[in-house]
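This report concerns only the one structure given below.
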Amino acid sequence: MSEQELDERKTKILHAIIKNYMETGEPVGSRTISKYTDLNLSSATIRNEMADLEELGYILQPHTSAGRIPSDKGYRFYVDHLIEQKDREVSEMKEFVIEHTEKMERVLKQMAKLLANNTNYASIITAPQVHSNKVKFLQLSNVDASHILAVVVLEGNIVKNKIIDVEEPIDNEQMLKLNILLNTNLTGLSIDQINLGTIAVLKEKAGIHSNIISDVLDAVAEAISEDEDLEIYTSGATNILKYPELSDSGRVSELLTEFEEKNQLVSLVTEHFSEEENTGIQVYIGNEAPIQTMKDCSIVTATYELGEGVKGTIGIIGPKRMDYENVMDNLKTLKAQLDGIWKKPKS
């Protein structure tokens with residue numbers, strides 16, 4: 001019987017052994033599993049299935065007692081199943097985000113919760129930040145006789161809208177000329193690259209609508225500056241209570257306060273970007289942590305990218321004895337999903 005041929009019964013028993021062992025740290029016997037699962041099987045039947053799982057290399061018998069513990073192969077099977085489940089859930093979120101990009105906050109909160117549930121530790125995800133500050137596209141359109149809508153799209157498909165007042169209506173031909181003018185001269189530029197000479201040329205070519213140019217540039221500046229405020233979403237902070245080495249009353253209070261107020265979490269994100277140059281996975285163990293209250297923890301962080309210059313951070317915080325393989329697998333998978341969410345497939 002190969003790894004792919006594990007039937008539903010063996011899969012459920014293996015999952016039950018791993019979950020019970022992760023909770024207790026003690027070898028798991030057949031009687032425990034008979035109470036733990038919904039299989040309604042006798043201890044004798046479960047013992048036979050456990051013997052098969054041991055022969056296949058998914059579990060080990062560390063002592064002569066009847067208890068078993070997961071092997072690396074067993075953990076890998078378990079983690080891969082978690083990732084498959086998470087892939088399905090995140091794929092559903094992906095479709096949601098494509099249709100409703102304004103719901104990014106909701107999606108990131110869901111992902112933080114999913115990551116905390118899958119690892120049994122605390123998780124953080126930051127909203128994407130625009131680091132290159134470049135304009136990708138601008139679109140002006142009429143709202144009514146007195147207002148036009150300016151849509152500013154930054155690299156990474158970060159979209160910001162602003163209503164601009166106009167003194168008189170702008171017809172479709174004039175609007176088209178303004179859109180061509182703005183995109184020809186501003187696309188690919190950062191706010192620092194939009195100098196006085198560029199502004200003067202734009203206003204001259206805009207003619208009687210030169211005042212709109214100033215309002216559009218203000219909208220661009222606002223769109224970029226809004227993304228400078230780092231938003232951090234957290235989940236699973238109370239998972240810390242499950243680990244005795246972190247559940248000291250004073251220590252856990254500080255940790256939970258940190259997750260609630262989030263002020264120092266910014267330094268964690270800053271440290272990750274500076275050390276990893278925005279790529280890869282960074283692991284902080286004990287005193288390596290940039291946050292004083294987390295010196296008894298391990299922290300694993302990764303960067304996701306929505307487009308050139310638009311990045312965010314995913315992180316897991318748990319005890320130093322955390323399951324690093326599981327954590328890294330979850331982070332890599334979630335990072336890959338986030339990397340692709342806002343990227344349109346190539347035609």
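The values are calculated or read from the model by the stated rules, or taken from the named source; none is laboratory data. What you see is a predicted model, and the numbers here were worked out from it, not measured in a lab. In this analysis, Cβ positions are derived from the backbone assuming ideal geometry, glycine residues included, and neighbour counts consider all displayed protein chains.
The rows are residues; the columns are (1) buried (at least 20 other Cβ atoms within 10 Å of the Cβ); (2) at pLDDT 80 or above; (3) in the same structural domain as Ser123 (by TED's automatic domain parsing); (4) not basic (Lys, Arg).
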residue	(1), (2), (3), (4)
Glu277	no, no, yes, yes
Val283	no, yes, yes, yes
Asp296	no, yes, yes, yes
Thr303	yes, yes, yes, yes
Leu306	yes, no, yes, yes
Thr313	yes, yes, yes, yes
Ile316	yes, yes, yes, yes
Asn330	yes, yes, yes, yes
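What are the residues in the stretch 160-173 that are under 17 Å from Ser214 (Cβ atoms) and part of a helix (DSSP H, G or I), if any?
Hits for the stretch 160-173: nothing passes.
Going by what's in this entry, would Ile164 be described as aliphatic (A, V, I, L, M), under 14 Å from Ala219 (Cα atoms) and touching an Asp or Glu at 6+ places or on another chain (Cβ under 7 Å)?
Taking the combined requirement at face value, the residue satisfies it.
For the stretch 172-198, name all the residues that are touching a Leu at 6+ places or on another chain (Cβ under 7 Å) and more than 14 Å from Ser141 (Cβ to Cβ).
Once the filter is applied, which keeps residues that are touching a Leu at 6+ places or on another chain (Cβ under 7 Å) and more than 14 Å from Ser141 (Cβ to Cβ), the stretch 172-198 yields Leu181, Asn185, Leu186, Ile194.
Check the stretch 141-151 and report whether any residue there is in contact (Cβ under 8 Å) with a residue 40 or more places away in the chain and buried (at least 16 other Cβ atoms within 10 Å of the Cβ).
Looking through the stretch 141-151, at least one residue is in contact (Cβ under 8 Å) with a residue 40 or more places away in the chain and buried (at least 16 other Cβ atoms within 10 Å of the Cβ).
Condition first: among the polar types (S, T, N, Q) and assigned to a helix (DSSP H, G or I). Now tell me which residues in the stretch 191-213 satisfy that.
Result: Gln193, Thr198, Ser210, Asn211.
Among the residues of the stretch 174-217, how many are of a type in the set (Asp, Glu) and surrounded by 15 or more Cβ atoms within 10 Å (Cβ to Cβ)?
Taking the stretch 174-217 as the starting set, the residues that turn out to be of a type in the set (Asp, Glu) are 192, 204, 215.
Now drop any that are not surrounded by 15 or more Cβ atoms within 10 Å (Cβ to Cβ), which leaves 215.
Qualifying residue count, the stretch 174-217: 1.
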